[in-house]
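Enquirer: Sending over a structure as structure tokens; questions will come in a sec.
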Amino acid sequence: MYLPEEMIKAKVKLPRTSRTWLTVSPEVRKIHLIFWNFPDRYKKPEDAYNYLKENGEELLENLRKFKF
């Protein structure tokens, strides 16, 4: 998860190996990111998807408020 206002462009390559490319806005000095890893023994893919879908807005707002 990233803050859209901090990025110019975001690209993710799936499915086998996840690769993420972020182009940060030139005026941004600190970026806010969250990376998750949900092993199957913790959450199955559909459960991880549902978790992020159900909690995404709250997680994004908390990320915005986080102070380094």
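The values are calculated or read from the model by the stated rules, or taken from the named source; none is laboratory data. Note that this is a predicted model, so its numbers are computed, not measured. Counting neighbours? That spans all protein chains shown, and the Cβs are built from the backbone with ideal geometry, glycine included. Surface accessibility is based on the protein's heavy atoms, side chains included, excluding ligands, DNA and RNA. Shrake-Rupley method; radii C 1.70, N 1.55, O 1.52, S 1.80 Å.
Enquirer: Tell me whether the stretch 36-48 contains one or more residues that are closer than 17 Å to Ala10 by Cβ and modelled with pLDDT of 90 or more.
Expert: No, that holds for no residue.
Enquirer: Quick one: how many residues across the stretch 6-26 are at pLDDT 90 or above and either open to solvent by less than 100 Å² (accessible area, probe 1.4 Å) or part of a loop (DSSP other than H, G, I, E, B) (or both)?
Expert: Matching residues across the stretch 6-26 total 8.
Enquirer: Would a scan of the stretch 27-47 turn up a residue that is open to solvent by less than 50 Å² (accessible area, probe 1.4 Å), among the aliphatic types (A, V, I, L, M), closer than 16 Å to Tyr2 by Cβ and touching a residue at least 40 places away in the same chain (Cβ under 8 Å)?
Expert: No, the stretch 27-47 has no match at all.
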